[in-house]
1. Take A115 and tell me if it is surrounded by 16 or more Cβ atoms within 10 Å (Cβ to Cβ) and either at pLDDT 95 or above or closer than 12 Å to F133 by Cβ (or both).
2. Which members of the stretch 118-155 meet the condition of being loosely packed, with under 14 Cβ neighbours inside 10 Å and closer than 14 Å to F69 by Cβ?
3. For the stretch 66-89, name all the residues that are surrounded by fewer than 20 Cβ atoms within 10 Å (Cβ to Cβ) and of a type outside the set (D, E, K, R).
4. Do you know which residues across the stretch 88-100 are touching a helix residue (DSSP H, G or I) at 6+ places or on another chain (Cβ under 8 Å) and under 14 Å from H146 (Cα atoms)?
5. Within the stretch 90-105, does at least one residue satisfy the condition of being assigned to a helix (DSSP H, G or I), crowded, with 17+ Cβ neighbours inside 10 Å and aromatic (F, W, Y)?
6. Do you know which residues across the stretch 30-77 are farther than 15 Å from I113 by Cα, assigned to a strand (DSSP E or B) and within 12 Å of the chain's Cα centre (by Cα)?
7. Could you tell me which numbered condition Q117 fails, if it satisfies all but one of (1) part of a strand (DSSP E or B); (2) within 20 Å of the chain's Cα centre (by Cα)?
8. Say whether the condition of being charged (D, E, K, R), over 17 Å from the mean Cα position of the chain (by Cα) and either modelled with pLDDT under 95 or under 15 Å from A49 (Cα atoms) (or both) is met by at least one residue in the stretch 78-92.
Amino acid sequence: MTTDDPPRPASRTLKRRGTIAPSTSVSEDRTTETPSPARVAAFQTGLSAESKASAYLIAKGYRILARRFRTPYGEIDIVARRRGLLAFVEVKARASLEDAAYSVTAKQQQRIIAAAQAWLMAHPEHADMEMRFDAILIAPKHLPKHLMAAFDASA
């Protein structure tokens, strides 16, 4: 581009052969919205809680196989192994341990079960292990509370 060339409009993109064509992408026209401060704080609280829960499980003799495993069905916070047991762990951080315990809803349980099935499809070497669905509750000024077998897949 020389100094005599006019600037190109921002709404145009290059085609393969170097010709200019109008942009048809809707996502280019949207501006990226920044998340609200409350949403950012909640995300950071969740990351911190998952780190505390992972450290707690490691101290109890578990080996962390995956964190924040995303599937089309949902996300598993922690997948951990201890001897012949595979634990799918949901981490909940709330103002009190009681609030955290009540926040694992039936809908979330079904999402976690579906995500666990997807994890097992991706990791068939663990399919023969005993499985359990746990929850770890995190609240300020309290040690993490590990609810073993918080729910099961047969429900």
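The values are calculated or read from the model by the stated rules, or taken from the named source; none is laboratory data. All figures in this text were calculated on a predicted structure; none of them were measured in a lab. Don't worry about glycine lacking a Cβ; one is built from the backbone with ideal geometry, like all the others, and counts go over all protein chains shown.
1. yes
2. The answer is M121, A122.
3. Across the stretch 66-89, the qualifying residues are A66, F69, T71, P72, Y73, G74, G84, L85.
4. The answer is F88, V89, E90, V91, K92, A93.
5. No, that holds for no residue.
6. A66, R67
7. Going through the list (1) part of a strand (DSSP E or B); (2) within 20 Å of the chain's Cα centre (by Cα), Q117 breaks only (1).
8. Within the stretch 78-92, one or more residues are charged (D, E, K, R), over 17 Å from the mean Cα position of the chain (by Cα) and either modelled with pLDDT under 95 or under 15 Å from A49 (Cα atoms) (or both).
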